[in-house]
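Okay, structure first, notes after.
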Amino acid sequence: MKPKVLLGKVGLWSATAVASAAVMLCIAPTTARALNVPTEVTELGKNTYKKYCSPCHGEEGKGDGPLARSMLPKPRDFTRGAYKFRTTPSGSLPTDEDIFRTISYGVPNSTMIPWDILTEEQRLSVIPVLKSFSEAFEVRKPDAPVDVGLEVRPTERTIAEGKKIYEEKLECWKCHGVEGRGDGPSAGEQEDDFGFPIKPFDFTTGKFKGGNSSRDVYLRFTTGLNGTPMPSFAKELSDEQRWYLTHYVMSLVKPEDKEKK
Ligand code: HEC
Ligand code: HEC
């Protein structure tokens, strides 16, 4: 059976205190349905890609379109099949739903806008086009999405437990910084697999590239971001500990900093 992925509204950070953040954490995406992705590249897909995507991602999906030159982060090079934002384990290809989600919501803090200005049919039609750029999709299938399970109730205790994991057990601070500002001691030296400099995410901004829900944050450190130095921490933690860490990471969001920007 094809696992369905929950597609829901990305919760916006309106929280001003941990308490209200905790309320936000409980809002789970509610709509689930199979996507009607064409099995082959269609004319609509080709035309949509050429007009809206190739200026950055390039005619052959190499991330080298005319607009890409001075851009950082670079538009994704689709030829390696390395996708950052997935529900699937580290090293796996993404599911169609993962790709659709990124196209629809965009990638905050980059020039990748949410393409909800296109119709759903157009957004679905480009998925086979992106996949056709990489041989990986011919020889492999995406692994099954990781089981996110039921979120534990966020409390001061879960946040405190998460802090211990962040600071002592897994030392996330080495890259992301003690306060989560993306300024840890190893922050300056990170590169992605294409040799471009990459910064550990600044949690205080609250604009998570892969989505702001607790499920999104849980998935990011569980699956890792393929093609980047952000590793997968899939084996080190129990399911409950994963939620603790999620709650702590989300508590690092500082709405007052966001207002200054
Ligand atoms: C103005 C430039 C620009 C345009 C136009 C653009 N993108 Fe992007 N796209 C980017 C950048 C930059 C990134 C990388 C963001 C990052 O990793 O932080 C990206 C990333 C992506 C990813 C991320 C995949 C992953 O999980 O790693 C997908 C999928 C994608 N783009 C699809 C599209 C599609 C489909 C279109 C056309 C409808 C499109 N993009 C148009 C700039 C662009
Ligand atoms: C070796 C350095 C390194 C370590 C250690 C590290 N990260 Fe990251 N992390 C990164 C980088 C680099 C990115 C940004 C990738 C990007 O922008 O594409 C990132 C991104 C993330 C994101 C995605 C945010 C978004 O935009 O959606 C989350 C969540 C995250 N890290 C959590 C953690 C947690 C939790 C730990 C500890 C268990 C951790 N990281 C350890 C380097 C690291």
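Each reported figure results from applying straightforward, stated rules to the coordinates on display, with no laboratory input. Values in this document were obtained by computation on a predicted structure and should not be read as measured data. Cβ sites come from the backbone with ideal geometry, for glycine too, and all protein chains shown count toward neighbours.
Of all residues in segment 39-60, those satisfying the criterion of being in a loop (DSSP other than H, G, I, E, B) and farther than 21 Å from LYS74 by Cβ are THR39, GLU40, VAL41, THR42. Picking from residues in segment 39-89 that are hydroxyl-bearing (Ser, Thr, Tyr) and over 21 Å from PRO108 (Cβ atoms), the one that is nearest to ligand 2 (Cβ to nearest atom) is THR88.
Checked against the criterion of being hydrophobic (A, V, I, L, M, F, W, C), more than 9 Å from ligand 1 (Cβ to nearest atom), more than 30 Å from LYS235 (Cα to Cα) and assigned to a loop (DSSP other than H, G, I, E, B), segment 72-95 contains not a single residue that satisfies it.
Count of segment 93-114 residues, restricted to those that are away from ligand 2 (no atom under 13 Å from the Cβ), among the hydrophobic types (A, V, I, L, M, F, W, C) and more than 20 Å from PHE133 (Cα to Cα), is 1.
I want to confirm something. Restricting to segment 81-91 and keeping residues that are over 12 Å from the mean Cα position of the chain (by Cα) and in contact (Cβ under 8 Å) with a residue 60 or more places away in the chain, which single residue is farthest from GLY149 (Cα to Cα)?
Among residues in segment 81-91 that are over 12 Å from the mean Cα position of the chain (by Cα) and in contact (Cβ under 8 Å) with a residue 60 or more places away in the chain, the one farthest from GLY149 (Cα to Cα) is ALA82.
Could you tell me whether segment 227-236 includes any residue that is within 18 Å of the chain's Cα centre (by Cα) and among the β-branched types (Val, Ile, Thr)? Yes.
Condition check ((1) in contact with a helix residue (DSSP H, G or I) (Cβ under 6 Å, 6 or more places away or on another chain); (2) closer than 23 Å to ARG101 by Cβ) across all residues:
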{"site": "TYR166", "(1), (2)": "yes, no"}
{"site": "ARG181", "(1), (2)": "yes, no"}
{"site": "LYS207", "(1), (2)": "no, yes"}
{"site": "ASN212", "(1), (2)": "no, yes"}
{"site": "THR228", "(1), (2)": "no, yes"}
{"site": "GLU236", "(1), (2)": "no, no"}
{"site": "TRP243", "(1), (2)": "no, yes"}
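Taking the criterion of being more than 8 Å from ligand 1 (Cβ to nearest atom) and either aliphatic (A, V, I, L, M) or at positive phi (or both), the residues of segment 107-126 that qualify are ILE117, LEU124.
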